[in-house]
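Worksheet for the structure shown next.
Nothing in this text is a laboratory measurement; each read-out follows from the coordinates by a stated rule. In this text the structure is predicted, and so the values were computed from the model without any measurement. Neighbour counts run over all protein chains shown; Cβ positions are idealised from the backbone, glycine included.
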Amino acid sequence: MSAQVKGLGETLRDLGKVEPELRRTLNREIRNVVKPLVTDINARIPSTPPLSGMAHNGRTGWANRKTAVIKIDARRPRRDLNATTTGKPVNVVRIVTRGAPVAIVDMAGKAGGGTSRRELKYQRPNFASALNAQLGTASRFMWRDIDNRLGPTIAEMEKVVADVVQQANRQLMKVRL
């Protein structure tokens, strides 16, 4: 699921060139707007391993779980998006998880795979099925019940961007006078 605020990437890039302090202020404001969503997501991530096989210190072990974070990136895309026929938007603000165990548990079973591939005599409960029984269906942490909070967050984000654009215009008017 994505939300679109038009012109945010261009505004951030131009603001960084003209008024770096205002750009830092905008980044703080954006983080404050998105922070309640991230707090809800992080509250859903359990502190104990969801399955006993994840209780280890390896790369996919629950001891190495990391919380969701906010990433703000206004860099230009590597290729011109206007030249493509799809017209994909550029992600400027993203909520991502930094660790493998949370990402695996969050999306296990999303693509199907309701049965185990092992032979019948070695068959154990399917990973996704066990997670479904314990934590619910796929997208267990990141986007569960966030859809109904997205509308107010987008409206608040648009208001923050409009305020900063107005402040930048005031600063530019002072420079030109």
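For each of Leu131, Leu150, count neighbouring Cβ atoms within 10 Å of the residue's Cβ, then give the residues from fewest to most. Write out the running numbers ahead of the final one.
Values: Leu131 22, Leu150 14.
Neighbour counts put them in this order, fewest first: Leu150, Leu131.
With a Förster radius of 22 Å, plug the Cβ-Cβ distance of Lys17 and Arg94 into 1/(1 + (r/R0)^6) and report the FRET value to the nearest 0.05. Provide the component values of the computation, followed by the final result.
Working: r = 23 Å, r/R0 = 1.03.
About 0.45, to the nearest 0.05.
With r defined as the distance between the Cβ atoms of Lys66 and Gln166 and R0 fixed at 41 Å, what FRET efficiency is calculated, to the nearest 0.05? All intermediate terms of the calculation are to be shown ahead of the outcome.
Details: r = 37 Å, r/R0 = 0.90.
My answer for the efficiency is 0.65.
Please work out how much length the chain gains when fully extended from Ala111 to Asn32, using 0.36 nm per residue of separation minus the C-alpha to C-alpha distance, in nm with one decimal. Walk me through the numbers before you get to the answer.
Working: separation 79, 0.36 × 79 = 28.44 nm, distance 3.34 nm.
Between Ala111 and Asn32, full extension yields 25.1 nm more.
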